[in-house]
Amino acid sequence: RAYDWAAFRSEIDGIRVYDDPKQVELRSRDYFWYSPILSEDIGHFVGDLVVIPTDEEQVRRVAAAAARLRIPITIRGGGTGNYGQCVPLEGGIILDMTKIDRVLSIEPGRVRVQAGARIARLDDAVRETGQELLMYPSTRRIATIGGFFTGGSGGIGSLRHGMLRDDGNIYSVKVMTLEPEPKIIELHGHDIQKVQHAYGTNGIVMELEIGLTEKTDWIHTAALFDSYDATLRFCLKALEEKLDCYLLTTVDRRFSRFYTKFGDLFPADRDAVFAMIAPEEQERFAELAASFGGRVSFSMTQDELHTNGLQPAYECGWNHTTLQALKAEEGWTYLQVAYPRPFDPETVMRQMERYGDDQYMHHEMARLEGEVQIFGLPLVRYKDRDDTYRVIRELEELDGCDIYDPHAFTIEDGGMKQIDTMQIEFKKLADPFGLLNPGKTRGWTADMAAKD
Ligand code: FAD
């Protein structure tokens, strides 16, 4: 589509832009390439212009100009989303938020931060005050806090504190509307759900106030077992015994060829549990592993890991497990599987039998709505679209699992399965012309857009 770029540029004069096609193309992508289906469906879309504001006033000018000229905006944080959330399906402006990144205030139990702050820098800043984030994605180093809130779901720490959308993890957010005269709306408590995981379709998140907890100097560790079944049963026991963990990940032995840096610490004949545990839990962790026939392979601080050229345990779990494999070999993709509660390891044993070498197993222990929730992120040999959806149906029908489809680019087809009317109602207020990340929510139809 043709947009009035001359008018737009003159309205945002003085604000940094990139229009070099290579730069624009790079910033029109995220990690959708995990999915051959998404690569085929949306991999070719690119934006027209990248705009990089450095403060709220500049964002306001961009939002006002885009609304007046009816130019779509796709907001971008670290660009690490897996579902093409940052791909501009109708071209337009890519709004890079990474320079809106100040940590505004840190108090006991909470931090106020601008949305474009990288999570690692934020967590490092709060750790200076003896506190830590309740959770972060394994992309801690690159992802922004605003992108996590609008595009992510949970991760390291979710075992202790639940998923991001569980009450009490985020206190408030400040959102800018996309109108000729943009407004700021503050959402508190449960109301934040109006924009959470909305893929930036219903407002520009400017600031967040999020929960903190007392910091722990986590020990990064792994234990090795004779069977995958033992890794799962060990984890369930660790949860039952309330072992203090920030991360508990099971990785099947066939992944070891992708974890080359670990060498004998993750050999090809053992299944592994990667974990982050409280320092005082090391003995209990080792004893519990031994009671399931396992042994501790390493136990180090993050600095010690670094000195030994190894990545932190949080980069051995969640979607980093998949990344290690995809970087090493072609022909794979993955799925996101929520197991029925209470979790039964037999379900996984059946799946291993059924899929053989077509699926490598990887599970994450977490909490959702206060209960233990096990998620699977199996590595899946990619055949074609039909086969992918056949496997999804089997997991749903034979095993009672819920699939958060990582091959879909709309919010509804991905995880939510249904239109979130609360989010759509908020979009009518915050993005009345339907310009924010168009095409990513099936709940918005063209006739909802405000007329001139
Ligand atoms: P982006 O990808 O830049 O954006 C995500 C979405 O948020 C987009 O729709 C964007 O438009 C929107 N957005 C960004 N900033 C704003 C804003 N200020 N206002 C409004 N909308 C905005 N996810 C997890 O939840 N847990 C994990 O453990 C995890 N592990 C991962 C591991 C790997 C290797 C990879 C590649 C991905 C992983 N992800 C995970 C997905 C992703 O990294 C996270 O969700 C991350 O938090 C996204 O942050 P980002 O800044 O990169 O967001």
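The values are calculated or read from the model by the stated rules, or taken from the named source; none is laboratory data. From a predicted model like this one, the values you see are computed outputs, not experimental measurements. Note that each Cβ is placed from the backbone with ideal geometry, even for glycine, and that neighbours are counted across all protein chains shown. Ligands, DNA and RNA are stripped out before the accessible areas are found, and what is left, the full protein with its side chains, is counted by its heavy atoms. Shrake-Rupley method; radii C 1.70, N 1.55, O 1.52, S 1.80 Å.
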For the stretch 151-174, give me each residue that is out of contact with any Ser or Thr (no Cβ under 9 Å at 6 or more places or on another chain) and assigned to a loop (DSSP other than H, G, I, E, B). S153, G154, G162, D167, G168, N169
Exactly one of D124, D167 is over 25 Å from D303 (Cβ atoms), free of Cβ contacts under 8 Å to residues at least 24 places away in the same chain, open to solvent by 10 Å² or more (accessible area, probe 1.4 Å) and more than 16 Å from the chain's Cα centre (by Cα), and that residue is D167
T221 versus (1) open to solvent by less than 10 Å² (accessible area, probe 1.4 Å); (2) among the β-branched types (V, I, T); (3) within 13 Å of the ligand (Cβ to nearest atom): which is the lone unmet condition? (3)
Residues in the stretch 34-80 that are open to solvent by 20 Å² or more (accessible area, probe 1.4 Å) and of a type in the set (V, I, T) total 4
Can you tell me which of (1) closer than 29 Å to G415 by Cβ; (2) touching a residue at least 40 places away in the same chain (Cβ under 8 Å); (3) within 13 Å of the ligand (Cβ to nearest atom) is the one L26 doesn't meet? (2)
For a quick check of your reading of the model, give me the residue pairs whose first member lies in the stretch 334-361 and is within 23 Å of S153 (Cβ to Cβ) and assigned by TED's automatic domain parsing to the domain that holds S256, whose second is of a type in the set (V, I, T) and open to solvent by 10 Å² or more (accessible area, probe 1.4 Å), with beta-carbon atoms closer than 6 Å and at least 6 apart or on different chains. Y334/V380; L335/V380; Q359/V380
So which of L243, L236, L208 is aliphatic (A, V, I, L, M), assigned by TED's automatic domain parsing to the domain that holds F375 and not in a helix (DSSP H, G or I)? L243
Residues in the stretch 285-303: is at least one in contact (Cβ under 8 Å) with a residue 40 or more places away in the chain, of a type in the set (D, E, K, R), more than 16 Å from the ligand (Cβ to nearest atom) and open to solvent by 40 Å² or more (accessible area, probe 1.4 Å)? yes
With the condition being crowded, with 17+ Cβ neighbours inside 10 Å and under 16 Å from the mean Cα position of the chain (by Cα), I'd like the strands (runs of 3 or more DSSP E) fully within the stretch 315-381 carrying at least 1 qualifying residues. 332-334, 362-368, 371-376
Can you tell me which residues in the stretch 141-164 are more than 8 Å from the ligand (Cβ to nearest atom), within 22 Å of Y199 (Cα to Cα) and open to solvent by 20 Å² or more (accessible area, probe 1.4 Å)? R141
Can you confirm whether G91 is open to solvent by less than 30 Å² (accessible area, probe 1.4 Å), under 23 Å from K327 (Cα atoms) and in contact (Cβ under 8 Å) with a residue 12 or more places away in the chain? no
Considering only the stretch 227-276, state which residues are touching a residue at least 60 places away in the same chain (Cβ under 8 Å), in contact with a Gly (Cβ under 7 Å, 6 or more places away or on another chain) and closer than 19 Å to S299 by Cα. F234, Y246, L247, T249
Subset of the stretch 423-438, residues assigned to a loop (DSSP other than H, G, I, E, B) and out of contact with any strand residue (DSSP E or B) (no Cβ under 8 Å at 6 or more places or on another chain), comes to D431, P432, F433, G434, P438
